[in-house]
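First comes the structure, then the notes that go with it.
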Amino acid sequence: MKRLSKYFVILIFMFSSTAFAAETQLKSGEFVGVNSNYQGEGRAILLQDGDQQTLQFVDQFYVTPGPDLYVWLIKNPTPKTAQDVKDSPSVQLAMLKTPSGNQSYKIPADIDMSQYGSVVIWCLEFGVLFAHAPLK
């Protein structure tokens, strides 16, 4: 019976330590639109959980709906124009899931987030910047 209780205690410890492992917030930034035609609201948060980094859009995320919208990471922390985005080293993370509401995107392990200053919502079809969030 003692042996069984010992394993039971070990199992409880294993489950409780993984259940309470906390995500660490690395960076965050508020979304802003480019102009009155392209609005952006909410917040982008970069989280670390073990070896996995995740980018979350929260706080009533919203961007003006448009065609072919993608989430990009760029080096420039404050892009004001489409040319700013084009001139900055960037990586296309994923197609935007929806123009409003909380959502998350896993960051591939080969992406070094210390190299990127902002997340942008980019219309790939027309090369238009919709919104950005500087990551600090």
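Taken together, the values in this text are just the output of simple stated rules run on the coordinates, not laboratory data. Fair warning: this is a prediction, and the values are worked out from it, not measured in the lab. Using ideal geometry, Cβ is built from the backbone for each residue, glycine included, and neighbour counts are taken over all protein chains shown.
Assorted remarks:
- Here Leu124, Leu129 are placed in order of increasing Cβ neighbour count within 10 Å, fewest first, which gives Leu124, Leu129.
- Overall form of the stretch 22-117: oblate. Here a/c, set by the Cα gyration tensor axes a ≥ b ≥ c, is 1.5 or more, and a/b is not larger than b/c.
- Placing a pseudo-label 7 Å from each Cα along the Cα-to-Cβ vector at Gln92 and Gln39 gives an inter-label distance of 2.8 nm.
- Test item: Cα-centred dipole of the stretch 22-134, Lys/Arg +1 and Asp/Glu -1 on Cβ, debye: 180 debye
- Using the Cβ-Cβ distance between Val32 and Gln83 with R0 set to 22 Å, the FRET efficiency works out to roughly 0.80.
- Under a 5 Å amide H cut-off, with hydrogens placed 1.01 Å from N, Gly66 pairs with nothing among residues at least 5 apart or on other chains.
- Footprinting exposure proxy ranking of Glu23, Glu41, fewest other C-beta atoms within 10 angstrom first, gives Glu23, Glu41.
- Non-local lysine pairs in the stretch 22-134, meaning eight or more places apart or on different chains, with alpha-carbon distances under 17 Å, amount to 4.
- Ranked Phe57, Phe126, Phe31, criterion: other C-beta atoms within 10 Å, fewest first: Phe126, Phe31, Phe57
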